[in-house]
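Colleague: Attaching a single structure in structure tokens format; questions to follow.
The values are calculated or read from the model by the stated rules, or taken from the named source; none is laboratory data. These numbers were taken from a predicted model, which means no experiment stands behind them. Backbone-built Cβ (ideal geometry, glycine too); neighbour counts: all protein chains shown.
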Amino acid sequence: MKSIKRCQLVMTLFLLGFLAGLGVLTARIYKDAPFYITHSDNYRLGRVYDRNKDVLFDGTKKIDKPDNYLIDVGNLIGDDKGQMENTLVAQNIDKLSNYSFNSGIENKNGKAAIYTTLDHTANRAAYDAFMGADGCIAAYNYKTGELLVCTSLPNIDPRHGYGGIENMKSGTLMSKAMYGTVPGSTQKVSTVITAMEILGQDELFAKSYSCGGYYMNGTGGKIDCHNSWGHGTQNIQQAVENSCNPFFAQLVEDGDMPLESIVEIYTRLGYNVSSGETDNEEENDEEKEQEYIDIDGIQCFKASTTLTDTADFATQWGCIGQGETLASPIQLMMWQSAIANGTGKMTMPYLIEKVTDVEGNVTETAKTEYSEQLFSKETAASVKQILLTNGANHYQYSIPGYKVAIKSGTAQVKHGAEENALLVGFVDDKNFPIAFCVVLENKYSTPAVAENIVTTMLNSLSR
Amino acid sequence: MSGALSYLLSCIFVVAVHGSMLLNVYSNGNYSSINDVIGLSAAVILLDAVYFIIMPFFKHRTYAVDFMLLLILNMSMIFQSCFGGVHFDTKHFITIIAALVSCRIGYMLCRNHRWIQTKKKFIWAGIGILLVVILLFTGSRSMWIDLGFMSIQPSEFIKPLLVLACATSIAEQQNRKKVWGFNVVYDNLIIFGITAVVILFQWWCRDLGSIPTFAAIYASCFFMRICYPKAKFSKKTLIIAGSVLAVAAIIGIILAPAYVKARLFADIWSNPDEDGYQQTKALISIAEGGWFGKGPGKGFLHEVFAYESDIVFATISEEWGLLFALMTVLMLVLIVAMPLVNPPRSYYHGTMCAGVCAAFTMQMALNIFGSCNMIPFTGVTLPFISAGGSSMVTSGLMIGMIIAAQSPVFANPTNKKNKKKHKQQKRRTV
Amino acid sequence: MESAVYAAVLLDICAIVLIFVSYVEKKAGARRWSKTSDDMELTDEIHVFHLECDEILIGRHASADIRIQDMSVSRYHAMLNVTDGKWMITDIGSKSGVFVNGEPVRHVRLYEGDVITLGNRNLIFRKRRVHK
């Protein structure tokens, strides 16, 4: 009867309310269980492999390898201790979850793993080639984007733990390739690209400036050349090979090179260009937050410089690679890919080849991605030719066996107290498409030589 | 014939469920000696058998709820006996038998609505006595009376009494008096007063978890009254009641002590070792258990306070799997949903069923959702599954009410026939 | 792990069996209830109203168990009660009153064959007949 039906309706409402809550609860538990489990004492992470299935990180047990076995990639791979945040494991910790609600915790048989593109052997070879000097080296396949080598010194084997962290050398816990450094003359590659974009190949090659060891610029600043005797009159090819500072200062100051165009192309290349005006400095700071290149969650410093006036001392030095210019080795390496590809588009590097979940199913595979068009194909071809000629003329013997396009650099740091040696370039070989960047810090204090490091690494990669 | 067949079928399946659970304990359980498993199995199966044999002597009309009660109680026995390693939980076994007995008492008390409606003053007096007991013995910040060998939670016993008070007052709706322009039913005022006093007492005791249960019982009673024939709840009354509730809720939130507010808006994961210790551990253990659990007795949650009562859902989830825990809860839902299949036939019984349903769902919601951090965590027991004598006995009483609602008492109609004929003849002569 | 799944499946089956048992009991209960309440029904000449409940409200209102759409019938007119096979009718404050066999009543027992008058409508209280 109706009255009893109404009574049943009240009960149904109560029960349906409860069942709906139960449904929500189940869905929530199912969704959030991987988060809950991270607080469990029994929870262990999965493994990280290099491209040859060498284990670089294992959450379930200690890797049974000699001491310092992982010292070449320690601060890139990292671990789950929370000490190093900008590392592969810390940024991708959820992908290593050896847990699913369906199968529970699988510490021993879990197949959760990250297969990286790194070549541990080549990393190790490059690491050893530094002979204990500080610095970093990065190399990747500019066709596919696989990051093959990325090591920096000083470094740490995460298996040691972090005892005595206060006595560690600064930079131990960060992969230096991801952070800004003074690019030195390798910056001239960007300036050549800029000039090529603005003037075109014919006009740029038609320009020549003379170098007498120094150059007094339009605002009265003195731009020194590393060769105090001067290089005489040079065209762009010779200037790149000589790495002549006065040439580039005059090029930047040239009336055919308007500041707006330079700023525009630098910005397109990825520089964080600040105008350097003091009035609205705060405003600028707020507007231009630091941007990063994202390599599978790892934040990589982009590049920044200050451009105020083409005749300005700081601006000219900025375009030569000193002053306020900063760029990360990864970024320098990526520009090389845009030249090497001949397309004017950078190949975006990646570190994770594929990810498997706890049951061994592949959940993620890497895809090659490219940047926006940074500069025209013609510019790419011309700059590639300049760098190849430089490589053929000067590095044939120091980096034997490879057809390399290369630009060297020397960066003064610590107010000129130390000089870092840099080399950026790429191997122009369809079957061995490697772009690289090496930074050797305080080059006069070590027997290590940047060219040798590159050679060792390339030999190891091509073995 | 079909009755006997379905009775037999029920027996077989109830035993089969217990058997399969015991098999799981045997194959996956954490026990040091096989004798523990054998002892537990013997007790469970024996209780099943004894109950099956004596059940036909109860002579009521429906047995499905009885079967379900026995099924849940022995499941609870198996759960509780496995926490932290298989053993025989004697205390829980005794409370289970107490629950079965109290279910019988509840059935006997409540099935005759004519009789109990004449006794409603005793129900009110019973609630009053319990309140006095709370006032005198528990103290302002506790809900327990410690008798040395056991603890009693008097507020639990108010729940079935309040359900009964609501049910017995429902027929009074037709006796309305006009006072100052309002249609007043004295019973409604009394029930409202009782509920208000009970809730105030719970507030005083800081037994905040019980308040929603009482409120739910009252709300179900309120709904039933609106639905009751000729209740005539005018819009005026509804608006007044609604606004009073709203004001009370606002005042409650404003006056709520800081720790209640902290509970309402706490992020348990930011500091898992302090505020939300139990909830975080509960959620972690549910996550570790997954769908199918770690195996009886193999969990870690039994090291956390109130593992056998307040966060029992998580403990079962960890050891038996979320699937099994959810199904256990569904069995609890099913037992209070039985009046939907086999409906009561009078409004008194219907109100009783709705009250029991409200009390059970509210308790289950507070316990399960609270321990899983969906709502603030309050120390409420899960009916029949949690350990605890008071909760077990009162839950048994309430299930007794459901059985009573399905098997109301009627005298043998054959006697009446003679009388009727006699009277009819008498009338015709007039 | 498997045995936990078996237990879960058995629990499911058991729940279904018990619901089925409850359904069987419902049918038996309905039969028994009809028997104990003397299996009566109310009828005007057109409709037949089954009496399946302990308390039955007769009135014009949509929520009434037996709804008589006639303006002479109050919205909540009369209440039928049954206890132990005894049927009682109660006037619950109707405007036009309740008459049994022509006599105005407030609370009276009903017998088979009684004629109940509510407003302009007559209802016959009789033994239930099997309808097909």
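Colleague: Within region B:280-309, track down each residue that is assigned to a loop (DSSP other than H, G, I, E, B), small (Gly, Ala, Ser), touching a helix residue (DSSP H, G or I) at 6+ places or on another chain (Cβ under 7 Å) and within 11 Å of B:Ser371 (Cβ to Cβ).
Modeller: Selection gives B:Ala306 alone.
Colleague: Using the structure shown, decide if A:Gly230 is surrounded by fewer than 21 Cβ atoms within 10 Å (Cβ to Cβ), at positive phi and among the small types (Gly, Ala, Ser).
Modeller: yes
Colleague: For B:Val198, indicate whether it is among the β-branched types (Val, Ile, Thr) and within 14 Å of chain C (Cβ to nearest Cβ). Give the steps one after another, and end with the answer.
Modeller: Details: among the β-branched types (Val, Ile, Thr): yes; within 14 Å of chain C (Cβ to nearest Cβ): no.
In short, no.
Colleague: Restricting attention to helices (runs of 4 or more DSSP H) lying wholly within region B:1-113, give those where 3 or more residues are buried (at least 23 other Cβ atoms within 10 Å of the Cβ).
Modeller: Values: elements: B:2-28, B:34-54, B:64-82, B:90-110.
Helices (runs of 4 or more DSSP H) meeting the threshold: B:2-28, B:64-82, B:90-110.
Colleague: Quick check on region A:344-371: of everything there that is surrounded by 18 or more Cβ atoms within 10 Å (Cβ to Cβ) and β-branched (Val, Ile, Thr), which residue is nearest to A:Tyr292 (Cα to Cα)?
Modeller: The selected residue is A:Thr347.
Colleague: So is B:Trp144 at pLDDT below 90 and within 14 Å of another protein chain (Cβ to nearest Cβ) or not?
Modeller: No; evaluated as a whole, the condition is false for this residue.
Colleague: Moving on to the next point. When A:Lys108 is evaluated against the numbered criteria (1) in contact (Cβ under 8 Å) with a residue 60 or more places away in the chain; (2) over 25 Å from the mean Cα position of the chain (by Cα), which criterion, by number, is the only one it fails?
Modeller: (1)
Colleague: Kindly state which strands (runs of 3 or more DSSP E) lie completely within region A:369-457 and contain at least 2 residues that are within 20 Å of A:Ser185 (Cα to Cα) and among the β-branched types (Val, Ile, Thr).
Modeller: The strands (runs of 3 or more DSSP E) meeting that bar are A:404-413, A:418-427, A:434-440.
Colleague: Sort out which residues of region A:298-332 are under 12 Å from the mean Cα position of the chain (by Cα) and small (Gly, Ala, Ser), and write them in order of number.
Modeller: Of region A:298-332, the ones under 12 Å from the mean Cα position of the chain (by Cα) are A:298-303, A:327-332.
Answer for region A:298-332, where residues must be under 12 Å from the mean Cα position of the chain (by Cα) and small (Gly, Ala, Ser): A:Ala303, A:Ala327, A:Ser328.
Colleague: Kindly provide the set of residues from region A:178-214 that are under 27 Å from the mean Cα position of the chain (by Cα) and in a loop (DSSP other than H, G, I, E, B), ordered by number.
Modeller: A:Tyr179, A:Gly180, A:Val182, A:Pro183
Colleague: Another one. Of all residues in region C:73-132, count the ones that are part of a loop (DSSP other than H, G, I, E, B), surrounded by 13 or more Cβ atoms within 10 Å (Cβ to Cβ), within 16 Å of the chain's Cα centre (by Cα) and not hydroxyl-bearing (Ser, Thr, Tyr).
Modeller: 5
Colleague: Scanning for something in a helix (DSSP H, G or I), modelled with pLDDT of 80 or more and over 25 Å from the mean Cα position of the chain (by Cα), does region B:220-236 turn up at least one residue?
Modeller: Checking region B:220-236: not a single residue is in a helix (DSSP H, G or I), modelled with pLDDT of 80 or more and over 25 Å from the mean Cα position of the chain (by Cα).
Colleague: Condition test on C:Asp38, is it within 8 Å of chain B (Cβ to nearest Cβ) and either touching a helix residue (DSSP H, G or I) at 6+ places or on another chain (Cβ under 6 Å) or not in a strand (DSSP E or B) (or both)? Lay out the reasoning, then the answer.
Modeller: On the way: within 8 Å of chain B (Cβ to nearest Cβ): yes; either touching a helix residue (DSSP H, G or I) at 6+ places or on another chain (Cβ under 6 Å) or not in a strand (DSSP E or B) (or both): yes.
Yes, satisfied.
Colleague: I've got another one for you. Before we move on, is C:Asp54 crowded, with 19+ Cβ neighbours inside 10 Å, in contact with a Ser or Thr (Cβ under 6 Å, 6 or more places away or on another chain), of a type in the set (D, E, K, R) and touching a residue at least 24 places away in the same chain (Cβ under 8 Å)?
Modeller: yes
Colleague: Looking at region B:368-390, which of the residues that are within 14 Å of chain A (Cβ to nearest Cβ) and under 13 Å from the mean Cα position of the chain (by Cα) is nearest to B:Trp320 (Cα to Cα)?
Modeller: Here the residue is B:Leu382.
Colleague: Look through region B:267-300, keep the residues that are of a type in the set (Asp, Glu) and within 11 Å of chain A (Cβ to nearest Cβ), and return whichever of them is nearest to B:Ser27 (Cα to Cα).
Modeller: Filtering region B:267-300 for residues that are of a type in the set (Asp, Glu) and within 11 Å of chain A (Cβ to nearest Cβ), the one nearest to B:Ser27 (Cα to Cα) comes out as B:Glu288.
Colleague: While we're on this one: Only residues that are small (Gly, Ala, Ser), modelled with pLDDT of 85 or more and in contact with a strand residue (DSSP E or B) (Cβ under 8 Å, 6 or more places away or on another chain): list them for region A:239-278, please.
Modeller: Passing the criteria: A:Ala239, A:Ser243, A:Ala249, A:Gly270.
Colleague: Would it be correct to say that B:Ala365 is of a type outside the set (S, T, N, Q), surrounded by fewer than 24 Cβ atoms within 10 Å (Cβ to Cβ) and at the interface with chain A (Cβ under 10 Å from one of its Cβ atoms)?
Modeller: Considered against the rule, which asks whether it is of a type outside the set (S, T, N, Q), surrounded by fewer than 24 Cβ atoms within 10 Å (Cβ to Cβ) and at the interface with chain A (Cβ under 10 Å from one of its Cβ atoms), B:Ala365 comes out as yes.
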